[in-house]
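Report on the structure given below.
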Amino acid sequence: MDQHTSRELYQEANEHIVGGVNSPSRSFKGVGGGTPVFMDRGEGAHLIDVDGNRYVDFLGAYGPMITGHAHPHIQAAIAKSASEGTLLGTPTVLENTFAKMLKEAITSLEKVRFVNSGTEAVMTTIRVARAYTGRDKIIKFSGCYHGHSDLVLVAAGSGPATLGSPDSAGVTKNIAAEVVTVPFNDAEALERALTEWGSETAAVLVEPIVGNFGIVEPEEGFLEKVNELAHANGSLVIYDEVITAFRFTYGSAQELYGVQPDMTAMGKIIGGGLPIGAYGGRADIMERVAPLGPAYQAGTMSGNPASMRAGIACLEILKEEGVYEHLDHLGKLLEEGILARADRYRLPVKINRLKGALTVYFTTEEVKDYQGAEDSDGILFARFFKEMLDQGVHLAPSKYEAWFLQTAHTEADITFTLDAVDQAFQNMREL
Ligand code: PMP
């Protein structure tokens, strides 16, 4: 596909915006470089670029766009808030309505607070956990992404029970020393870390279903073990459900597995495409937050009417019957179709799929943790990504990301995509 105008715009963007993008994952660094496609607009499950090319969209804006783009119900909600004032700086009924909707869907939420991004939500749960326990350290799992606040930009140390090191310039060694990182799905490593650091650990932070090194489900009993080990040490359990809330069911991973954390961070889907985050949990913990308690958290834009209305509208769509079945059905067609073609062209492909989200790894091994995802072939993935883009299918430009199905996707979109996969694999074989 010709992406002539994108190249010009990217050159211009690089003159004014650092790296030409406002979030690093939008650059094509993860696929060996190249020009990101500048989009003009989204229509349902499609994106249309500035040169008029149309793409089937599986990026879904990294998760939020589960309904597809410009859904009429969400459009109407946003238009209403535009005419009523987008920001009032006072409490509104919409915040009550939306908080009640979240609580009904996710039963571990006794009290919630709206913020503006997933980063803010996770960052604040950690602060509140520290305020509640009077302890400083957290334990997290390698390869999970929890936003860009200092504490979660800490890489694993040299062993499962060792303290971390900064994963970004500007994060201090002192902050890194507050974080221990262990492999996902490894309860023994968590136990060792808690044996060493348990009495200082405020919380164990986990993506209950990983979305950030592809889709990786917890092994049976893993989440129960996280709760058991953390609670035995007097530590809290925080679920980062920024990707998973309302992704797989009307509710969260907690409803899928029947396990409840003490606190939950949310974002993405619950904003219906507008900026949002939310955190919540047990009332006795949440009541440590200002104005009731000593843990400070605030926000000029928090709970703004536009995000509230868009989020409510999005959940109303997701509550309709058959929505998650549709996403699951299309996900299954994709999974089976891609695997059949990988077989035909003898390419090493494994797919991790949960309902309407999946990751295609170029590997011969099952992927159960970060190491497995890292070991998958990034060069084959980069080639695949570019072949798909050329044929009008927009995936996320990284082997660690998921494909997100949208309610707006149709079987015709899947057929189109599988034809593109066929052609991509054929071209890859000819290399
Ligand atoms: N947690 C998880 C699990 C995420 O996937 C992300 C974003 N990809 C975040 C937190 C941060 O959310 P945001 O980009 O809205 O700050």
- Can you name the residue in the range 111-158 that is of a type in the set (S, T, N, Q) and farther than 22 Å from Ser23 by Cα and, of all such residues, is modelled with the lowest pLDDT? Ser158
- Given the residues Gly44, Gly63, which is the only one that is out of contact with any helix residue (DSSP H, G or I) (no Cβ under 6 Å at 6 or more places or on another chain) and either in the same structural domain as Gln391 (by TED's automatic domain parsing) or at pLDDT 95 or above (or both)? Gly44
- the range 99-117, residues that are closer than 21 Å to Pro305 by Cα and either away from the ligand (no atom under 16 Å from the Cβ) or more than 22 Å from the chain's Cα centre (by Cα) (or both): Ala99, Lys100, Met101, Leu102, Lys103, Glu104, Ala105, Lys111, Val112
- Message: Just to be sure before I move on: is Arg383 more than 16 Å from the ligand (Cβ to nearest atom) and surrounded by fewer than 16 Cβ atoms within 10 Å (Cβ to Cβ) in the structure I sent?
- Response: no
- Message: Quick check on the range 241-273: of everything there that is over 19 Å from Gly303 (Cα atoms) and among the small types (Gly, Ala, Ser), which residue is farthest from the ligand (Cβ to nearest atom)?
- Response: Gly258
- Assess whether Thr417 counts as being at pLDDT 95 or above, buried (at least 18 other Cβ atoms within 10 Å of the Cβ), part of a helix (DSSP H, G or I) and among the hydroxyl-bearing types (Ser, Thr, Tyr). yes
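Residues checked against (1) on the phi < 0 side of the Ramachandran plot; (2) assigned to a loop (DSSP other than H, G, I, E, B); (3) not hydrophobic (A, V, I, L, M, F, W, C):
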site	(1), (2), (3)
Val56	yes, no, no
His73	yes, no, yes
Ala82	yes, no, no
Leu88	yes, yes, no
Ala99	yes, no, no
Glu104	yes, no, yes
Ser108	yes, yes, yes
- Task: Return a yes/no flag: does the range 40-47 have any residue that is in a loop (DSSP other than H, G, I, E, B) and within 16 Å of Ile312 (Cβ to Cβ).
- Result: no
- Query: Residues in the range 380-389: is at least one farther than 18 Å from Ile66 by Cα and of a type in the set (Lys, Arg)?
  - Reply: yes
- Would you confirm whether any residue within the range 15-35 is among the hydrophobic types (A, V, I, L, M, F, W, C), modelled with pLDDT of 95 or more, closer than 18 Å to Ile270 by Cβ and within 16 Å of the ligand (Cβ to nearest atom)? no
- Counting only residues that are charged (D, E, K, R) and either under 22 Å from the mean Cα position of the chain (by Cα) or surrounded by 21 or more Cβ atoms within 10 Å (Cβ to Cβ) (or both), which one in the range 118-134 is nearest to the ligand (Cβ to nearest atom)? Glu120
- Out of the range 206-240, which residues are touching a residue at least 60 places away in the same chain (Cβ under 8 Å), of a type outside the set (A, V, I, L, M, F, W, C) and within 16 Å of the ligand (Cβ to nearest atom)? Glu207, Gly211, Asn212, Gly214, Glu217, Asp240
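Per-residue answers, yes or no, for (1) surrounded by 14 or more Cβ atoms within 10 Å (Cβ to Cβ); (2) within 26 Å of Asp240 (Cα to Cα); (3) polar (S, T, N, Q):
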{"site": "Gly19", "(1), (2), (3)": "no, no, no"}
{"site": "Thr35", "(1), (2), (3)": "yes, no, yes"}
{"site": "Pro64", "(1), (2), (3)": "yes, yes, no"}
{"site": "Leu109", "(1), (2), (3)": "yes, yes, no"}
- Task: Please determine, by comparing only the residues of the range 59-98 that are within 16 Å of the ligand (Cβ to nearest atom) and of a type outside the set (Ser, Thr, Tyr), which one is farthest from Gly356 (Cα to Cα).
- Result: Ala61
- Report the residue count in the range 198-226 for those that are under 30 Å from Trp403 (Cβ atoms) and either aliphatic (A, V, I, L, M) or part of a helix (DSSP H, G or I) (or both). 12
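The values are calculated or read from the model by the stated rules, or taken from the named source; none is laboratory data. Everything numeric in this text was worked out from a predicted model, so none of it was measured. Cβ: placed from backbone, ideal geometry, glycine included. Neighbour counts: every protein chain shown.
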